[in-house]
1. Against the conditions (1) crowded, with 21+ Cβ neighbours inside 10 Å; (2) over 21 Å from B:Ile144 (Cβ atoms); (3) at pLDDT 85 or above, where does C:Leu255 fall short? Just the number, please.
2. Only one of these conditions is not met by C:Leu176: (1) of a type outside the set (Ser, Thr, Tyr); (2) within 7 Å of another protein chain (Cβ to nearest Cβ); (3) out of contact with any Phe, Trp or Tyr (no Cβ under 9 Å at 6 or more places or on another chain). Which number is it?
3. Could you please find all residues in region A:260-310 being in a strand (DSSP E or B), open to solvent by less than 40 Å² (accessible area, probe 1.4 Å) and either closer than 20 Å to A:Ser245 by Cβ or not hydrophobic (A, V, I, L, M, F, W, C) (or both)?
4. Take C:Leu192 and tell me if it is within 11 Å of chain A (Cβ to nearest Cβ), in a helix (DSSP H, G or I) and not aromatic (Phe, Trp, Tyr).
5. Is it the case that some residue within region C:11-32 is within 12 Å of chain B (Cβ to nearest Cβ) and at pLDDT below 85?
6. I'm trying to understand the selection: among the residues of region A:85-110, which are free of Cβ contacts under 8 Å to residues at least 60 places away in the same chain, surrounded by fewer than 20 Cβ atoms within 10 Å (Cβ to Cβ) and within 11 Å of chain C (Cβ to nearest Cβ)?
7. Out of (1) open to solvent by less than 10 Å² (accessible area, probe 1.4 Å); (2) touching a Leu at 6+ places or on another chain (Cβ under 9 Å), the odd one out for C:Gly239 is which?
8. Scanning region A:319-352 for residues that are open to solvent by 60 Å² or more (accessible area, probe 1.4 Å) and within 17 Å of A:Thr250 (Cβ to Cβ), which turns out nearest to the chain's Cα centre (by Cα)?
Amino acid sequence: MTTARPAAAGTAIEAARVVKEFGQGATTFRALDDVSIAVREGEFFTLLGPSGCGKTTLLRLFAGFEMPSSGAILLKGEDITELPPNKRPVNTVFQSYALFPHLSVAQNIAFGLVMQGRPAGEVAAQVEKMLALVKLESLAGRRPAQLSGGQQQRVALARALAPAPRVLLLDEPLSALDLKLRKEMQIELKRLQTETGITFIFVTHDQEEALTMSDRIGVMSAGKLQQVGTPRDIYTRPVNRFVASFIGETNFLPATAVPGGVRLATGDVVALPGAPASGAVTLTVRPEQVRLVAAGEAGSIAATVRALVYFGTDTHCHLALADGSELVARLQSPATGDAGLAQGQAVGVTFVPGAAQIVGD
Amino acid sequence: MSPAEQAQIRRAARNGWLLSAPALVILALAAVGPLIIVVVYSFLLPGKYGNVVWGFSLDAWRGILFTRDIFDGTLAWADANLTIFWRSVKLSILTTVFTFVVGFPTAWFIATRPPRGRALWLFLITIPFWTNLLIRTFAINEIIRNEGLLNTTLMRLGLISKPIEMIYTDGAVFVGMTYVYLPLMVLPLFAAIDRFDMRLLEAGYDLYASRWQVLRRVILPIVKPGIVAGSILVFVPALGAYVTPRILGGGKNMMIGNFIELQFGQGRNWPLGASLSVTLLVIVTAALLVYVRYANGDDRNGR
Amino acid sequence: MAARSFSISRLPGFNAIAVLVFVVLYLPIIVLVIYSFNAGRSISDWEGLSLHWYAVAWDNDDVKDATIRSLYLAVTAAVISTAVATMAALGTTRRRAFRGQTFIYVMINQPLMVPEIVTAVALLIFFAAIRQATGYQGMGYLVAAHAAFCIPFAYLPIRARLEGMDLTLETAASDLYASDWQVFRHVTFPILLPGILAGLMLAFVTSLDDVVITVFIKSAGQDTLPTYMLGQIRRQVTGEINAISSALLALTVALLTLFFLLTRKRD
């Protein structure tokens, strides 16, 4: 089965047309539906999606804990689909950490190296190095139960990094930490990735985590890969409604394509180069790209202020258009905190050029 | 599913069976298998000096309830057997009820101790549970026999002039069985009470219930699975008791267990012993099935 | 006594009954232990402290024989039953449910559900047939029977330990290059060990306690301590039985204490 095929330049690990089904007969559940993805050498790649979208399943296929129902997993172009996890140069940081309770911190970190049969001297040196890397030198003799959550997290990282894997898989490793510690660990993880140069595949359902840490993000939903791209791509050019709404907040407006733009239900036309010639479309625009102008100003869309929600730095202004559809504008709060708007006030709405775009469903 | 996945599932099932195989072989040879032979033997004829003669017969099954007159061959109720059955059932039920009556307060007491003391009290009830039944029966025997501690003390105090004949009575067997089977009642009751949410009592009292009403309407219905489990754990071995009635009941006050043994000893009627064993097994299995239904049907207490 | 505050969990009379139960439960055992140190011939009159009956039991070759046989049987049965129960527990827990799993559970727990007397009779019949066919009279019958009825007792604590164990630990080990055997050797087994020791101990005590099945299937001259005691109680009660009982009791308490220390939740 191990048919080597030419690797795409710089590809670390790859899923090729992978399908994973659980259960049998009528109760079959398709966790992954024809997913193809190629993670590049040395990149910080994030699989982002709501729970149940298949991201953890994909990670387990990379690790070898599960086998795909069809399709293949390739490491550097080599088919490893049926290679057991203990023979894959891929390590995992588990969500629950899965530290061995009967072993000390140092023994936990040494585990993979010992199993690989590395000489004792090398193991000791590498354990030292790893302890230093995660700044846990003083706790080498402790048992996992004697450590705090953040310390356990570091041990789990050191343990998975110690054998210097080709790819490190991280399954929502920060979800058990409180907010402050999570922020610290985000920076820490990024540092470790840069220092070691190892390819990280990071699974999370937290879009902010994904945006701040990743080189590239793969957005998943319902077992399918929706979009792959840099955080900027994903945020500014979402390919469909799901991606647009899952990452950040956004407005959707029903519209009809007309030459050179789209016509909203209110009758206003928004200029949009490259839009399709005709048919019903959905227009999306981020709240921070919505501008308020005086009512009746040329080129603006008439709207009424429905509600104002004060968020400190921002004020969210909920608007109703003439046809009843809703729109949120995020306005920077002025120094006084008063946006100078009142409920029921008539205003004009414009979009920052290039911000509004059409998304598929 | 891919062939690899199917192979994985098949391998898991195969490993499950392979790993269980040694245990299953031992159990089949020295526990379950022989039970089937008992059923076969119950349809055979007794040998003159014990064992069986091969030949189909329903005599052993008839012999459970009837005796055949030696002279005219007519069937009559086997009064002696019926007495033994009645005693077994009566004593087992009495034992079950009484162990519950005293076992429930005991279990409640243990479960409501502060956490540190609780482990000790639980340990104190576990020791008799694991102590040889023979030793415990013997300990009771030492107390209630004619020259036992109770009689000698009473005589020395001048309260009685000659020993009260307590031993070798149904009463002695009842006392003995209650004594030896009590831990079997207390432990499952404790397990149920331990899971009981004491805040429900506050709710009960808050809604004007008296202590008795709280016990009847709140506690007992919720710990019912524990009560059923304890009752089965006491009733089943009590019905098949052998050691306790043998020591405390003497030769006259036999229970089913001793009656079965008799058929393999002096009685020299292995088929009858076999049919009696099968009967006992059927009764016990029926009781267990009732338990399974209760335990499964009553899942409200988060079991 | 007027309670200063309303105690939620107190039920009238319960504490009194419970304390009485503990007294009644322990009094006969304590009396038995005390009288085992009685100097007198009679066992109802106290004639001073002595180890007389322990010496009598010690010098009795039948007792010595029975003790050795009991211990040999208990150790053999405990080791066999724990070994097979460990394997069965590994085979039946924490994996995808497979066809026949319920059957295996029922088989393993079967000795707990059948009255001892019925098992005893069944084994008597079965082994009598084997005796007739092969002429073998050795300890094999007792070992097989004890190993069988000890299996559920060994199985329960091992299975409980396995079910409490985090499955991802094994996944993590295999992720860290451990082969199936290494996973078992370095992760599963060390974590399972307290459960295995607990199972071993429960099986040992169970075998040591058995009377009924042993009485039915032993060959001539194969008395264990309990069957020897049962025979003695039927004849004439002497302080020797007190002494043997007390010694067995001490062994049981020691093993149970060890068991509790082992299974107590740590960390």
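1. So C:Leu255 meets the others, but not (1).
2. (3)
3. A:Gly261, A:Val262, A:Leu264, A:Val270, A:Val281, A:Thr282, A:Leu283, A:Thr284, A:Val285, A:Val290
4. So C:Leu192 fits the description; yes.
5. yes
6. A:Asn86, A:Lys87, A:Pro101, A:His102, A:Leu103, A:Gln107
7. Every listed condition holds for C:Gly239 apart from (2).
8. The qualifying residue nearest to the chain's Cα centre (by Cα) is A:Arg330.
The values are calculated or read from the model by the stated rules, or taken from the named source; none is laboratory data. Remember, it's a predicted structure, so these values are computed and weren't measured experimentally. Glycine also receives a Cβ, built like all others from the backbone with ideal geometry; neighbour counts cover every protein chain displayed. The protein model used for the area step is the full one, side chains on, heavy atoms only, and it has no ligands, DNA or RNA in it. Shrake-Rupley method; radii C 1.70, N 1.55, O 1.52, S 1.80 Å.
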